[in-house]
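These notes concern the structure reproduced below.
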Amino acid sequence: MGESTVSDAETDAGRGRAYTIRLELVDEPGELLNALRPIAENGGNLLSIYHERGNLTPRGRIPVEVDIECAPGRFDGVVEALRGAGVNVVQAGEERYGEEVTVVLVGHLIDTDLSDTLKRFEECASASVVDVSLSAPQGTDDVSSARLRLAAETERVVDALATVREIAAEKELLVIEPQLDGGA
């Protein structure tokens, strides 16, 4: 009697679970394919992909959200393979790699070069600017406000906020920041 040979991928598909992975990709040909390859090679089955090419992150990268199905025991391997391929994994499943905080800057943001401000936040190595929303109801020559969502390693949030305060003080901007746990 011959035994039925079933691959691990076929076996896992029956026990698959859906996961969402958020990535940040460089805007170059082939980068999306490079991100999908480690998923397939590690037992992930692509369910959907949301690729926001027209909506770049402040670092000039493309946000991509991938929904996959795989066996729970394979998911960590998928995430590790993505990172090993040089893909920036922002969020994987329920676990966020770091913590997000939102701050609001108020002042002459345009006059003080908002792009320079964002670049300096990125260079501080404690935080990554995930999202920016600018409001300039009186035009770009007057006072404006920007809501920034920053991602930082959990143990580096305090350092990231200190950097935000330092740069804002230098540029004479008001900072409205979250009260972190354990605050007064």
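Name the long-range amide H neighbours of Ala92: under 5 Å, sequence gap of 5 or more, or other chain; modelled H, no Pro or chain starts.
Those lying under 5 Å, H to H, from Ala92 are Arg22, Tyr97.
Tally Lys and Arg at +1 and Asp and Glu at -1 over the other residues with C-beta under 14 Å from the C-beta of Val106: what net charge comes out?
Within the 14 Å Cβ shell, the charges total -1.
Using the Karplus equation 6.51 cos²θ - 1.76 cosθ + 1.60 (θ = phi - 60°), what ³J(HN,Hα) coupling, rounded to whole Hz, does each residue of segment 75-83 give in order, writing x for Gly and Pro?
For segment 75-83, the Karplus-derived couplings read 4, 4, x, 4, 5, 4, 5, 4, 4 Hz, x marking Gly and Pro.
Below 10 angstrom from the Cβ of Tyr50, what's the summed charge of the other residues (Lys, Arg +1; Asp, Glu -1)? Provide the component values of the computation, followed by the final result.
Numbers: positive: Arg22; negative: Glu52, Glu65, Asp67.
Neighbourhood net charge equals -2.
Just so you know, all these numbers are worked out from the coordinates, no wet-lab data involved. Keep in mind it's a predicted model, so treat the numbers as computed, not measured. Cβ atoms come from the backbone with ideal geometry, glycine included; neighbour counts cover every protein chain shown.
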